[in-house]
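Below is one structure, written out as structure tokens, with a few remarks after it.
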Amino acid sequence: MRIALQSVSKTFETFRAVRDVSLEIESGRLVALLGPSGSGKTTILRMVAGLEFPDAGRIFFGEEDATDIAIRDRGVGFVFQHYALFPHMTLAENIAFGMEAKGKRSKADIRERAAELLRLVKLDGLGARYPNQISGGQRQRVALARALAVEPRVLLLDEPFGALDAAVRRDLRRWLRELHEDMPITTLFVTHDQEEALDLADEVVILDGGRIVQRGTPEEVTRRPATRFVMGFLGDTNRFAAEVRGGEARVGALVWPAPGLGDGPADLFARPRDLVWSAAGLGIPATILRVLERPDSRRLVVGAPDGTMAELDAPLDQPVAKGDIGSLTATRAQVFAAP
Ligand code: ADP
Ligand code: MG
């Protein structure tokens with residue numbers, strides 16, 4: 001089911017939590033809404049679900065205007081970060097709950113379907129257990145099975161792995177991606193975790209202050225960030241004050257193309273893996289302040305004459321020492337006009 005938001009806004013009292021968001025999600029896609037806390041992700045999800053109603057704009061499910069349709073008639077499955085399974089019900093009963101409420105299936109049919117869903121979320125044979133007898137990761141899988149039980153047209157996941165530890169999150173991420181390939185339900189996945197969004201989604205929608213600042217494939221948003229916010233939000237980056245003249249940005253002796261930017265001050269951003277240290281040669285003059293050994297790399301902390309500090313990853317076989325004087329060049333960088 002394709003979902004489309006058209007200029008959707010939401011104000012709480014006087015606070016505009018969502019500002020003019022337009023977004024189209026093709027049928028069968030897994031799209032991540034990624035942004036810092038407070039950027040409006042949950043509010044958007046709740047409006048798609050029908051738990052919250054926009055004060056401007058429309059929401060379409062396929063051709064149908066769903067803006068004013070109540071949650072129970074929208075055909076959405078929902079999983080939250082703290083999805084409280086019913087503690088007094090077994091896992092099978094939890095999964096069966098929605099199907100029973102709908103009253104369309106026979107008891108035997110529901111039992112069979114619940115067992116099938118437990119197999120799907122790799123909890124085969126655990127139907128008689130209670131939620132407090134399984135791990136947090138397993139509980140979120142049951143919550144997903146419960147959301148899928150009613151055969152939703154759309155799946156909405158709000159930081160479903162947010163409360164779990166890092167290793168479990170990574171496993172669940174891989175598992176959810178595989179499940180989605182087998183059963184491609186249109187899915188909106190909310191997270192503030194960049195890596196989670198980039199690993200999981202076909203497409204990432206980046207939000208800041210209730211607005212969409214960029215959307216694209218993981219490759220597009222990481223390699224071609226549209227703004228300095230996206231550049232900084234998606235990963236470690238270094239910033240250097242630059243001067244643009246004739247479509248080129250200069251930092252010391254480093255020159256980088258800046259097509260379309262007017263003459264004047266700007267900033268050049270480069271990620272640690274995209275800076276290169278050399279003992280001789282032209283670039284941004286710098287001094288090595290610290291050498292940090294990491295399991296799979298060597299991180300240099302360097303200082304430029306104007307006091308700018310930067311970090312870069314140096315090859316393990318490059319001779320470097322604290323106090324060395326040299327220069328920085330870049331293999332990849334982005335220039336943004338001064339704010
Ligand atoms: P996110 O999920 O990205 O962290 P939310 O959508 O939950 O962000 O919230 C966006 C903004 O709207 C926040 O500043 C939050 O405080 C505010 N907000 C959300 N829900 C309400 C509400 N029911 N009443 C008042 N303010 C709210
Ligand atoms: Mg939220």
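What is the dipole size for the chain, taken about its Cα centre, with +1 at each Lys and Arg Cβ and -1 at each Asp and Glu Cβ, in debye to the nearest 20? Present the calculation step by step, with values, prior to reporting the outcome.
Details: 44 positive and 47 negative charges, 123 e Å.
So the dipole magnitude of the chain works out to roughly 580 debye.
Give the aspartates and glutamates whose C-alpha is closer than 16 Å to that of residue 122, dropping any in the same chain fewer than 8 places away, or say none.
112, 171, 178, 181, 182
Work through the residues other than residue 322 whose Cβ is under 15 Å from its Cβ and net out their charges, Lys, Arg +1 and Asp, Glu -1.
Details: positive: 290, 298, 299; negative: 293, 311, 324.
So the environment of residue 322 carries a net charge of 0.
Just to confirm my numbers, what's the Cα centroid distance between region 253-287 and region 111-177 in Å?
Between the Cα centres of region 253-287 and region 111-177 lies a distance of 47 Å.
If each of residue 37 and residue 318 carries a label point 7 Å out from its Cα toward its Cβ, how far apart are those two points in nm?
3.6 nm
If one computes the Cα centroid of region 82-101 and of region 6-77, what distance in Å separates the two points?
So the two Cα centres are separated by 26 Å.
Helix-only mean residue ellipticity at 222 nm, the chain, DSSP H runs n ≥ 4 weighted -39,500 (n - 2.57), per residue, nearest 500. What is it?
Values: 8 runs with 85 residues, N = 339.
After summing the helix terms and dividing by residue count, I get -7500 deg cm²/dmol.
Using 19 Å as the cut-off for backbone N distance, which residues of region 158-184 belong to the label zone defined by a point 7 Å from the Cα of residue 86 along Cα→Cβ?
Backbone N within reach: none found.
Just to confirm a number: summing +1 for Lys and Arg and -1 for Asp and Glu over residues other than residue 118 whose beta-carbon lies under 14 angstrom from that of residue 118, what do you get? Please report the intermediate quantities before stating the final value.
Numbers: positive: 111, 113, 119, 122, 129, 139, 141, 146; negative: 93, 112, 116, 124.
So the surrounding residues net to +4.
Placing one identical point scatterer on every Cα of the chain and ignoring solvent, what is log10 I(q)/I(0) from the Debye formula at q = 0.11 Å⁻¹?
-0.82
Under 15 Å from the Cβ of residue 98, count the other residues' Cβ atoms, weight Lys and Arg +1, Asp and Glu -1, and hand me the total.
Values: positive: 72, 74, 102, 104, 105, 107, 111, 113, 146, 153; negative: 73, 93, 100, 109, 116, 151.
Local charge sum for residue 98: +4.
Got a sec? How would 191, 14, 227 order by Cβ neighbour count within 10 Å, fewest to most? Can you show the working numbers first?
Values: 191 26, 14 5, 227 15.
By the 10 Å Cβ count, ascending: 14, 227, 191.
Tell me whether region 236-337 comes out rounded, prolate or oblate; compute the Cα gyration tensor, take square roots of the eigenvalues as a ≥ b ≥ c, and use a/c under 1.5 as the rounded threshold.
prolate
Give the range of the longest stretch in the chain that excludes all GluC sites (Glu not before Pro) found in loop regions by DSSP and having at most 12 other beta-carbon atoms within 10 Å. Can you show the working numbers first?
Details: sites that count: 13, 63.
Free of exposed loop sites, the longest segment is 64-339.
The numbers here are math on the coordinates, done by the rules we state, and not lab data. Everything numeric in this text was worked out from a predicted model, so none of it was measured. Backbone-built Cβ (ideal geometry, glycine too); neighbour counts: all protein chains shown.
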